[in-house]
1. Have a look at A:Ala78, A:His95, A:Ile136 and report the one farthest towards the positive end of the charge dipole of chain A, computed about the Cα centre with Cβ charges (Lys/Arg +1, Asp/Glu -1).
2. Determine the calculated [θ] at 222 nm for chain A from helices alone, applying -39500 (n - 2.57) to every DSSP H run no shorter than 4 residues and normalising by the residue count; nearest 500 deg cm²/dmol.
3. Calculate one ³J(HN,Hα) per residue across the stretch B:29-37 by plugging θ = phi - 60° into the Karplus curve 6.51 cos²θ - 1.76 cosθ + 1.60, and present them in order as whole Hz with x for glycine and proline.
4. For the protein assembly as shown, what percent of Cα pairs sit more than 34 Å apart?
5. Suppose every Lys and Arg Cβ carries +1 and every Asp and Glu Cβ carries -1, with no other charges. What dipole size does chain B come out with about its Cα centre, to the nearest 20 debye?
6. Which of rounded, prolate or oblate describes the stretch A:26-109 when judged by the alpha-carbon gyration tensor and an a/c cut-off of 1.5?
7. What are the radius of gyration and Dmax of the stretch A:5-154, computed over its Cα atoms and given in Å?
8. State to the nearest 20 debye the size of the charge dipole of the protein assembly as shown about its Cα centre, where the only charges are +1 on K and R beta carbons and -1 on D and E beta carbons.
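Please treat every number below as a calculation from the coordinates, not as lab data. Worth saying up front: this structure is predicted, and the values here are computed from it rather than measured. In this analysis, Cβ positions are derived from the backbone assuming ideal geometry, glycine residues included, and neighbour counts consider all displayed protein chains.
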Number of protein chains: 2
Amino acid sequence: MAIEIERKFLVAGEAWREAAYQQKHFAQGYFNDSGRASVRVRIEDEAANLNIKAAVIGSARAEYEYEIPLPDAREMLASLCLTEPVEKTRYWVEHDGHTWEIDVFEGANAPLIVAEIELEAADETFTRPDWLGQEITDDKRYYNHALAFAPYRDWPAEPTA
Amino acid sequence: MAIEIERKFLVAGEAWREAAYQQKHFAQGYFNDSGRASVRVRIEDEAANLNIKAAVIGSARAEYEYEIPLPDAREMLASLCLTEPVEKTRYWVEHDGHTWEIDVFEGANAPLIVAEIELEAADETFTRPDWLGQEITDDKRYYNHALAFAPYRDWPAEPTA
């Protein structure tokens, strides 16, 4: 079984935009805030799916995803999810043999921008693009589920050094 | 839009069994205990589905159901739902022009037996079968979702008059 390792970073500046070769809009909401699995509805451009993911973090994290009709997903986001949808546009950028996914958040999570890279091994090296900021892989506040319930805009200001 | 009215009763005795013409086994579990919608996974004999139902009680209660692979549902019931599955065998019985669904609960909800009839209008009359017991339509403890979190076996004993 392939073990996927994802690392997540903040983004500094806009230089990545000229290299973006694809983009997609996401709107997603959650039916629960706790439990053994999160249940999410997501609209990806004009497609929609339900996703169930074990709350346990780890390589064997169970995940299930099913396509559903777009009108159903719109109704769920409008009236059945626990929070306002998390909305973002994802851009894809190639850099030195790796693909970066850059999520530009909207609404209550603007102006947050996050870049993610998927590696095949924990010790796999990659070249840091100039626009890459601080690593936030282990910061749970940046999980999309967390951003639904505690949007970026409401975070307390970071103390300045 | 058709408005469906369901009435639910306890069952006294076993006389209904000889009239049952069909049966199906159900195992179902829930991903959440509160929120704006319940999310349920259910195995019906060899088929499985995900169901999302608005928590609001009423005739316009939104409900969505999607078929999913049986092995997925088995894994979810075993490890991702919040409680042990609610298991029951449903029997169908015809009586004087109406169809009764009789749920015989198993495990932590045995020996509960509940009969349900679907009417097309609040004032539609029906003949009470001899085996019909007390009406429990408005008793939330008998909702399947409630039985998952507070199984029948754990209910406090009713005071005897």
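1. The listed residue farthest towards the positive side: A:Ala78.
2. Working: 2 runs with 16 residues, N = 161.
Taken over chain A, the calculation gives -2500 deg cm²/dmol.
3. After applying 6.51 cos²θ - 1.76 cosθ + 1.60, I find x, 10, 8, 8, 10, 8, x, 8, 8 Hz.
4. Beyond 34 Å sits 37 percent of the P(r) for the protein assembly as shown.
5. Details: 16 positive and 31 negative charges, 111 e Å.
It works out to roughly 540 debye.
6. Values: a/c = 1.73, a/b = 1.22, b/c = 1.43.
Since a/c reaches 1.5 but b/c is at least a/b, the shape of the stretch A:26-109 is classed as oblate.
7. 15.6, 44
8. Numbers: 32 positive and 62 negative charges, 153 e Å.
Dipole size: approximately 740 debye.
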